[in-house]
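Data block below; observations after.
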Amino acid sequence: MTFDSLTFVVFFIAVVAMFNLRGLSWSLRKSVLLAASFLFYGAWNPPFLLLLIASATVDWWLALRMAQARTDHRKPWLIVSLVANLGLLGFFKYGDFLRDNTQALLAVAGIDWQPASVDILLPVGISFYTFQSLSYCIDVYRGEVRVQRSLRDYLLFVGFFPQLVAGPIVRYHDFSAQLHAPRRTTADGFTLGLSLLLIGLFEKIVLADSVFAPVADPIFKAGATIDSAGAWTGTIAFAGQIFCDFAGYSTCAIGCAAMLGFWLPDNFRSPYAATGFSDFWRRWHISLSRWLRDYLYVPLGGNRGSTLFTLRNLMLTMLLGGLWHGAAWTFVAWGAFHGLMLVVERMSRPAIDHAGRWLGPIGTLLGGLITLFGVLIAWVWFRAPDFAHSARIHGAMFLPTDTSANLSAEAKIALIVFGLMWSMHWLSRHHDLRRWLQQRGAVSLGLIWAALIVAIVLSPGVSRAFIYFQF
């Protein structure tokens, strides 16, 4: 059940109607949301719903034990949570990866190991709900949040269906107050939520699936013929595709939650207008960036030690952040590149700041273009099926052999749309989409809705699964 399906539309209308039944207590309304969340996730694969419930229940129980224990006796319970969550994630997401790499290492040593072939099916959204539940246990251990004693409420926090499958990764301290204070659908919340839902669907259906995917997919397909023009247009198209796909999902999730009276954190803020890689990660997948900062970078030592110590922490954080995205060395390379760019940026900060003061707005624009160029280069590792394919694309990009750029009409449209999207990012880099929508009048908002609906309905694109479902 995906946001861009008719099934979800029917499901969501029913949920909103039941949630707002007159005379329904807040406790019963939360039960309605939990049942809806179970139905939403169970529609993917019913056995994995049991896995979600079991995983969340274990963390809920462990957090209770931590809250009851003395401060100096809490660590064993936290270790159990870490082992349980990371073990679960490791088995389902990295089991095949670890087996294949172990087999390859043993082969280098002359040992022929033939492990039994076990196809492990990846539960959708496991990385998101595992990180969300783990962060709660860590916060309880640190004494930063009060323990949740209601299993029903905790399951609703972990399994809240709008953001369950692909985020944003919600922190308990941001959601707990919303579990306690009764809420229902309001006119303002519904209006804003519907606006965000339509924008998210437009990004996914019209831009990601119809404009960018037909140009990006052929270039990254195994065995594809790649020339310089195709390499660049395919990479740029994928940059547009992954943003519109993932930001589209996050915007839909935030919109659906708003229509139910809940507020989720922003997950994207004009990332292609970033003026540096640190700025990029403050704008791209914001909930993951903050999670990695608070639960990995800072515990590693952050920037509290020497310069070399800080740079090491940056690299480790980005390497593990890359591996979080997928069980493949290409994702590690993607994370390593971003880590390297963050290291270079930190080491060059005095020179960058001096150049920025001297060049002014031109320097800001130049920094944005350099950052965009680096982000595009890195996307090749993220999307390519293996290093050989990514090397072919990078080779075509930087060592062109063709003398003419024969672009298809689809490729030209994708480039134009990406240019327009980049311009919008640049113009809105200091603005908040929610606030902008709330400032629109009824007529202006009605015209926006009409335009979005027409574009969505007339879109000829083939429906594709959201890219981040695989993570």
Checklist entry - Condition test on residue 84, is it part of a helix (DSSP H, G or I), at pLDDT below 95 and over 30 Å from residue 257 (Cα atoms)? => result no
Checklist entry - Does residue 212 satisfy the criteria of being hydrophobic (A, V, I, L, M, F, W, C), modelled with pLDDT of 90 or more and either in contact with a Cys (Cβ under 9 Å, 6 or more places away or on another chain) or within 30 Å of residue 141 (Cα to Cα) (or both)? => result yes
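Just to verify a result, which residue in region 425-465, among those that are of a type in the set (Val, Ile, Thr) and within 24 Å of residue 217 (Cα to Cα), is farthest from the chain's Cα centre (by Cα)?
In the first step, residues of region 425-465 are kept if they are of a type in the set (Val, Ile, Thr); the result is 443, 448, 453-454, 456-457, 462.
Right, trim to within 24 Å of residue 217 (Cα to Cα) and you get 456-457, 462.
Values: 456: 23, 457: 26, 462: 22 Å.
Looking at residues that are of a type in the set (Val, Ile, Thr) and within 24 Å of residue 217 (Cα to Cα), I get 457.
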Item to check | Pick from region 43-75, criterion loosely packed, with under 12 Cβ neighbours inside 10 Å and either β-branched (Val, Ile, Thr) or more than 26 Å from the chain's Cα centre (by Cα) (or both), ranking: modelled with the highest pLDDT | outcome: 68
Checklist entry - Which one is surrounded by the fewest Cβ atoms within 10 Å (Cβ to Cβ), of the residues in region 13-29 that are assigned to a helix (DSSP H, G or I) and in contact (Cβ under 8 Å) with a residue 40 or more places away in the chain? => result 26
Checklist entry - When the residues of region 326-364 are filtered to those that are touching a residue at least 24 places away in the same chain (Cβ under 8 Å) and over 28 Å from residue 384 (Cα atoms), which remaining residue is surrounded by the fewest Cβ atoms within 10 Å (Cβ to Cβ)? => result 347
Item to check | Boolean, residue 224 is more than 12 Å from the chain's Cα centre (by Cα), among the small types (Gly, Ala, Ser), farther than 29 Å from residue 186 by Cβ and part of a loop (DSSP other than H, G, I, E, B) | outcome: yes
Next on the checklist: Suppose we filter region 153-186 for residues that are without any contact (Cβ under 8 Å) to a residue 40 or more places away in the chain and within 14 Å of the chain's Cα centre (by Cα); how many remain?
Outcome noted: 0
Next on the checklist: Quick check on this structure: which one of 257, 239 is in contact with a Leu (Cβ under 6 Å, 6 or more places away or on another chain), within 30 Å of residue 173 (Cβ to Cβ) and part of a helix (DSSP H, G or I)?
Outcome noted: 257
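Where residues in region 93-110 are surrounded by 10 or more Cβ atoms within 10 Å (Cβ to Cβ) and of a type in the set (A, V, I, L, M, F, W, C), which of them is nearest to residue 125 (Cα to Cα)? Working first, answer last.
First, pick out the residues of region 93-110 that are surrounded by 10 or more Cβ atoms within 10 Å (Cβ to Cβ): 93-107.
Right, trim to of a type in the set (A, V, I, L, M, F, W, C) and you get 97-98, 104-107.
Working: 97: 18, 98: 20, 104: 29, 105: 30, 106: 32, 107: 34 Å.
My answer is 97.
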Next on the checklist: I need every pair where a residue in region 30-58 that is under 21 Å from residue 88 (Cα atoms) and free of Cβ contacts under 8 Å to residues at least 24 places away in the same chain has its Cβ under 7 Å from the Cβ of a residue that is part of a helix (DSSP H, G or I) and aliphatic (A, V, I, L, M), sequence separation at least 6 or different chains.
Outcome noted: 42/49
Checklist entry - What number goes with the only condition from (1) surrounded by fewer than 17 Cβ atoms within 10 Å (Cβ to Cβ); (2) small (Gly, Ala, Ser); (3) within 26 Å of residue 270 (Cβ to Cβ) that residue 414 does not pass? => result (1)
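The values are calculated or read from the model by the stated rules, or taken from the named source; none is laboratory data. Being a predicted model, the structure only gives us computed values, none of them experimental. As a convention, Cβ positions derive from the backbone with ideal geometry for all residues, glycine included, and neighbour counts pool all protein chains shown.
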